[in-house]
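Trainee: Below you will find the structure I want to go over with you.
The values are calculated or read from the model by the stated rules, or taken from the named source; none is laboratory data. Note that the coordinates shown come from a computational prediction; the quantities given were computed from them, not determined experimentally. Quick reminder, even Gly has a Cβ in these numbers, built from the backbone with ideal geometry, and neighbours come from all protein chains shown. These area figures cover heavy atoms from the full protein model, side chains too; ligands, DNA and RNA do not enter into them. Shrake-Rupley method; radii C 1.70, N 1.55, O 1.52, S 1.80 Å.
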Amino acid sequence: MSRRSAIGVGRTRVPLGTVYVLMLLFLYFPIALLFIFSVNTNTVLTFPLRGFTLEWYREGFGDSALLEAARNSVLVGVGSASIATALGLGVSISVTRFRFRGRVGLLALSGLPLIVPFVVLGVSLFLLFNLADLPRSLFAIAAGHTVIALPFATLILLARMGGLDPALEDAAMDLGATYPVTLRRVVLPLMGPTLLSAWLTCFIVSFDEVAIALFLAGGDPTFPVFLYGQLRFAQRLPVLIAMAVMLTVLTVTLTLIAFRLGRRKP
Amino acid sequence: MLGRRGALRFLALPPYLWLAVFFVLPVLLIVAISFRPEAGPIDFGDPWTFSLAQYQRIWETPAYLRRLGMSVGMALAIAASATLLAYPIAYFLAFRARERAVFFLILLLIPFAVSYLLRVMAWRLMLGGEGAINSIFQWLGITSAPIDLLLYSPVAVVITLIYVWIPFAALPIYAALQRIERGHLEAAADLGAGPWSRFWRVTVPLSLPGAIAAFFMVFIPTVGEYVTPSLVGGTEGYMYGNIIQDFFTRAASWATGSALSVIMLLLTLVLVAVALRLIDVRRLAS
Amino acid sequence: MPARMNPARPLLAMLAGGVLLLSSCAGAEPNELLVLEWAGYDEERWWPDFKTANPDTAVDFEFGTNDADILAKMGAGSEADVFHFYTGYEQLYVDEELVREIDTSKLTNWDAVPADMQALGQIDGKQYFIPWDWGFSSILYNTDEVPEVTSWDALLNEDYAGHIAMWDDGPAAVTVSAYINGWDETAITDEQLAQIEEDWIAQKPLNIHYWDSEYDNLCPEVISGDIWIAYAWPGCYATALFEGAPVAYANPVEGRNSWVGLYGISTDTDSYELALQFLDAKLAELTCGTLVTDYYYGCANEEVMAAVDDPVLIEAFALNDPSVLETTNFTPPVTAEDRDAWTAMWTRVKAE
């Protein structure tokens, strides 16, 4: 037992723990700065700090445009994550369980958005909606986000589908279940936690996305688009940071909850 | 009732259709528009004429391609740095943290959950003449006057983007390291390999796909970055993505912007193809 | 128990939601107004008179980031009923038939607008736009670091390398060069444009950065002393004065530039009457006055301007010095070819 623990994972000369802590400090320092800014009475971040206040948080909750933007981001995130996960599920099941002519093509196509820079996707969708005479809107943003999220969903779900024993599906069908029923009552429950993690990944990809959203936002901005427009006003920065902090807390909490749910064994 | 084969249609067709409409079609459109001669916004009602005028315009302005080269160079530096810096973190999570790995991973990802724009703004605050970094340096006596070059420069863009991407880059590396079976390492140890030797000859090669995935996941979006350069890049940090952005907003010459996009797309495809070739060669070599 | 994940239901819900979203973008109905505006002007303090007169009207905003963007959006079929842009682009809207003639007899505040401002919104004798906000463009400079600025060429002065900030705008760059060289803005030749491009490429390294957002990356740095010379509007001048920064606003020999913000009504609008009321309310005392006191911009209502008594603002608007206005150059309308050429030139300068 002790020999096992010494191999590859035992003590080496590299103080990895210290490296990790240093990295955390590096990552959190700007965040800490932002957080201080959000509870500082001054609208400019100068030291020494003037005073502690929660007024920015209060102001944030009263700002309807800000809350609307946050709501829009949630809408777009939920929409694009749901569609991307569903489509990714379709790809992963069809690619692992079936032989058909477009099989490799579908797989390749699902991964292709990964190699297209966001700015190109953004402007090309902008042109598409223009050509189709459709207005820029949250739907346009969601369409774009679905495309960029799909490779992630597919990758995550594919890995799980690959590990699923087809014998289970065969057994179900032998017992008289139709294929759709088999999918619904055998495959989907087994995929459950993975579906959730795929969905969450897609949501996170969409929620903070700004490069594509800037080209496709119409009258309703998502939170990052709104933020970008508000950066013109330096004195609004503390309020914006306050709201972003709230959103971060929300995102992290949701992730933790979902993680807990996902870890429960059948 | 829907047979097994029939269900395939419902599984495979929707993704195909969605990608065809919202991915393939737009890309084809942008290629098509790059061959239109108009400066200015495109009126789709106008007749379609084929012209190489946009590509000619780009050819006659070497500055554009120079910026592309610079953007690729910066993206390479950022992706390589983020991957290298993320590697020890991923290693820590995979081999040291074990039971607590999830907890440490979440700690790592929390900064990533903070809005990207605000993380960039935080760096603007820190790198500015009166920002945190200059204040600390002067207070420590390292410098006596603010370093003006920190902000509004390519350096600012590079630092900021490395910072933004490190947590994200750690994920595929961590996944790859996790998958390494202890058995391989045990066998190597049995054969007399010391810890460094085991690392270089077993761990690194087996985690390479993860590192390469991390590299590209950072590299591709970064080549086309325009948001961070517009906030902290100044006149020197003006990147290729900004040129495209300008041609679709400020300068509003969509066909020129499309041509620039096509060039970048081709370049990215070529780079990825080359990289895939290199990876295959490595696999064969080892 | 593992979570039973059936994606069908949430998927259907989302598709339904998407359809609803799409259908909601059907455009303004009779008691709604959609305004294509610049970020910040959506706040209610910029249209309180309209709000009071029409409390039940839903006013929605779409945002543009600069004049070219707003023109492109209107041209691309934006559903906006009303749009806001700045002098130089008037002809382009008329040429592309994006704007509708305004019936000034229905505007109660029209008589308070001085005649020369009214004329700015006219093309071929027809009133297409109403002026609202106006101001100067000139050079804002730090008096501690820079002796008196007397010419626009201060922006290209190598002595101040690293402390200059030019506005990120091609037409503005052409305008400045035209002033310095004594050229006619409406008749820039190709040789002149090539020279302008060279001059600004040489100027680029002198900038700390180009600014594109007054209160984001111009004013704070003027106040902190990082920027010594800037192409700027009076808003930042007044702000800096209020903060006690040692600044002055130049009266260059070539004359200051003046720009005017214009509102137009879209030809496609279903809410013409409401749009007219919105425009009329913009010129009303409270709305107009807020522009002066909050943003330190001028407003087209001369009664409001005459009532300004803050010495800082009087200084910023040169209200006490009519000679300034006499030498001021108002931005003329620009043709589409010129605009495309100038913005392309500027993009080349930035890429160089």
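Trainee: Any idea of the accessible area per residue across segment C:244-352, 1.4 Å probe, to the nearest Å²?
Mentor: On the way: 4050 Å² over 109 residues.
It amounts to 37 Å² per residue over segment C:244-352.
Trainee: I've got another one for you. Per residue of B:118-127, how many C-beta atoms from partner chains lie within 10 Å of its own C-beta, taken as a mean?
Mentor: On the way: counts 16, 6, 3, 11, 10, 2, 4, 7, 4, 0.
Rounded to a whole number, the mean comes out at 6.
Trainee: Given the rule -39500 (n - 2.57) for each run of at least 4 DSSP H residues, summed and divided by the residues of chain B, what is its mean residue ellipticity at 222 nm, to the nearest 500 deg cm²/dmol?
Mentor: On the way: 13 runs with 196 residues, N = 286.
After summing the helix terms and dividing by residue count, I get -22500 deg cm²/dmol.
Trainee: Continuing with this model, one more query. State the extension gain, in nm to one decimal, for the chain segment bounded by residue C:285 and residue C:161, taking 0.36 nm per residue of separation less the distance between their alpha-carbons.
Mentor: Numbers: separation 124, 0.36 × 124 = 44.64 nm, distance 4.37 nm.
That works out to 40.3 nm of additional length.
Trainee: Report, as a whole number in µm² per second, the diffusion coefficient that Stokes-Einstein gives for the protein assembly as shown at 10 °C and 1.306 mPa s using the Kirkwood radius over alpha carbon pairs. Before the final figure, lay out the partial values.
Mentor: Values: Rh = 29.6 Å.
My calculation gives 54 µm²/s for D.
Trainee: How many nm separate the modelled label positions at residue A:99 and residue C:325, each set 7 Å beyond the Cα in the direction of the Cβ?
Mentor: Distance between the two pseudo-spin positions: 8.6 nm.
Trainee: Add -39500 (n - 2.57) for each DSSP H run of 4 or more in chain C, then divide by its residues: what number comes out at 222 nm, to the nearest 500 deg cm²/dmol? Numbers along the way, then the final one.
Mentor: Details: 15 runs with 141 residues, N = 352.
That calculation yields -11500 deg cm²/dmol at 222 nm.
Trainee: Also, I was wondering about something else. Which residues among segment B:25-44 fall inside the zone where the amide N is under 14 Å from a point 7 Å beyond the Cα of residue B:273, along Cα→Cβ?
Mentor: Counting backbone N atoms under 14 Å from the label point, the list is empty.
Trainee: While we're looking at this one, here's another question. Classify segment B:1-125 as rounded, prolate or oblate from the Cα gyration tensor: take a ≥ b ≥ c as the square roots of its eigenvalues, call it rounded if a/c is under 1.5, otherwise prolate when a/b beats b/c and oblate if not. Walk me through the numbers on the way to the answer.
Mentor: Values: a/c = 2.82, a/b = 1.29, b/c = 2.18.
Because a/c hits 1.5 or more and a/b fails to exceed b/c, segment B:1-125 counts as oblate.
Trainee: Now for a separate question. Quick one: compute the contact order of chain C, relative version, from alpha carbon pairs under 8 angstrom and 6+ residues apart, as a percent.
Mentor: Values: 567 pairs, mean separation 97.3, N = 352.
With pairs under 8 Å counted, the relative contact order is 28 percent.
Trainee: Give the residue from C:219, B:196, A:141 lying farthest towards the positive end of the charge dipole for the protein assembly as shown; charges sit on Cβ (+1 for Lys and Arg, -1 for Asp and Glu) and the dipole is referred to the Cα centre.
Mentor: Positive-end residue among those listed: B:196.
Trainee: Let me ask another. Give the residues of segment C:264-290 whose amide nitrogen is closer than 15 Å to a point set 7 Å from the Cα of residue C:309 in the direction of its Cβ.
Mentor: Backbone N within reach: none found.
Trainee: Could you size up the charge dipole of chain C around its Cα centre, putting +1 on the beta carbon of Lys and Arg and -1 on that of Asp and Glu, and report it in debye to the nearest 20?
Mentor: Working: 14 positive and 63 negative charges, 227 e Å.
The calculation lands at about 1100 debye.
Trainee: Note down the nm distance, to one decimal, between modelled labels 7 Å out along Cα→Cβ at residue B:181 and at residue B:280.
Mentor: Taking the simple label geometry, residue B:181 and residue B:280 are separated by 2.7 nm.
Trainee: Write out the trypsin sites (Lys or Arg not before Pro) in segment A:98-147 meeting two conditions: DSSP loop, and at most 13 other Cβ atoms within 10 Å of their Cβ.
Mentor: A:99, A:101
Trainee: Run the dipole for segment B:169-286 about the Cα centre, Lys and Arg Cβ at +1, Asp and Glu Cβ at -1, nothing else charged, and hand back the magnitude in debye, nearest 20.
Mentor: In debye, rounded to 20, segment B:169-286 gives about 260.
Trainee: Right, next: Going toward the positive end of the dipole of the protein assembly as shown, with +1 on Lys and Arg Cβ and -1 on Asp and Glu Cβ, which of B:74, A:213, B:84 do you reach last?
Mentor: Going by the Cα projections, it comes out as B:84.
Trainee: How do A:110-119, B:43-52, C:245-254 rank on mean C-beta neighbours within 10 Å, highest first? Spell out each step's value before the answer.
Mentor: Values: A:110-119: 21.9, B:43-52: 9.8, C:245-254: 19.0.
Averaged packing, sorted descending, gives the order A:110-119, C:245-254, B:43-52.
Trainee: I would also like to ask the following. Give the lysines whose C-alpha is closer than 21 Å to that of residue C:51, dropping any in the same chain fewer than 8 places away, or say none.
Mentor: Cross-link targets: C:106, C:282.
Trainee: Then there is this: Taking a probe of 1.4 Å and counting only protein heavy atoms, give the total accessible area buried between chains A and B in Å², rounded to the nearest 100. Could you put the intermediate results ahead of the total?
Mentor: Details: alone 16770 and 17430 Å², together 26030 Å².
Heavy-atom accessible area buried at this interface is about 8200 Å².
Trainee: What average number of partner chain Cβ atoms lie no more than 10 Å from the Cβ of the residues making up B:32-38? Provide the component values of the computation, followed by the final result.
Mentor: Values: counts 2, 4, 0, 0, 0, 0, 1.
Per residue, the average neighbour count from other chains is 1.
Trainee: Additional query: Roughly how crowded by other chains is peptide A:60-71, in terms of the mean Cβ count from those chains within 10 Å of each of its Cβ atoms? Could the numbers behind the result be given before it?
Mentor: Values: counts 0, 0, 0, 0, 0, 3, 0, 0, 0, 0, 0, 0.
Partner-chain Cβ atoms within 10 Å, mean over residues of A:60-71: 0.
Trainee: How much length is gained if the chain between residue A:52 and residue A:22 is pulled fully straight, taking 0.36 nm per residue apart and subtracting their Cα-Cα distance, in nm to one decimal? Please list the in-between numbers first.
Mentor: Details: separation 30, 0.36 × 30 = 10.80 nm, distance 2.81 nm.
Length gained between residue A:52 and residue A:22: 8.0 nm.
Trainee: Also, quick follow-up: Which of A:159, A:119, B:150 sits closest to the plus end of the dipole of the protein assembly as shown, meaning its Cα is farthest towards the positive end, when Lys and Arg get +1 and Asp and Glu get -1 on the C-beta?
Mentor: My answer, from the dipole projection, is A:159.
Trainee: Of the listed peptides C:70-76, C:335-341, what is their order by residue-averaged count of other C-beta atoms within 10 Å, with the highest listed first?
Mentor: Details: C:70-76: 21.7, C:335-341: 17.0.
Put in order of decreasing packing, that is C:70-76, C:335-341.
Trainee: A further question follows. Between residue A:71 and residue A:252, what length comes free when the chain is fully extended (0.36 nm per residue of separation minus the Cα-Cα distance, one decimal in nm)?
Mentor: 63.5 nm
Trainee: So, by mean Cβ neighbours within 10 angstrom, what's the order for C:317-327, A:156-166, A:211-221 with the highest one leading?
Mentor: Highest to lowest by the protection proxy: A:211-221, A:156-166, C:317-327.
Trainee: Computed FRET efficiency, Cβ-Cβ of residue C:108 and residue B:9, R0 56 Å: what is it to the nearest 0.05? Present the calculation step by step, with values, prior to reporting the outcome.
Mentor: Numbers: r = 64 Å, r/R0 = 1.15.
With a Förster radius of 56 Å, E is 0.30.
Trainee: Another question, if that's okay. For segment C:162-303, give the magnitude of the charge dipole about the Cα centre (Cβ charges: +1 Lys/Arg, -1 Asp/Glu; no others), in debye to the nearest 20. Mind dumping the intermediate values first?
Mentor: Details: 3 positive and 24 negative charges, 91 e Å.
Roughly 440 debye, rounded to the nearest 20.
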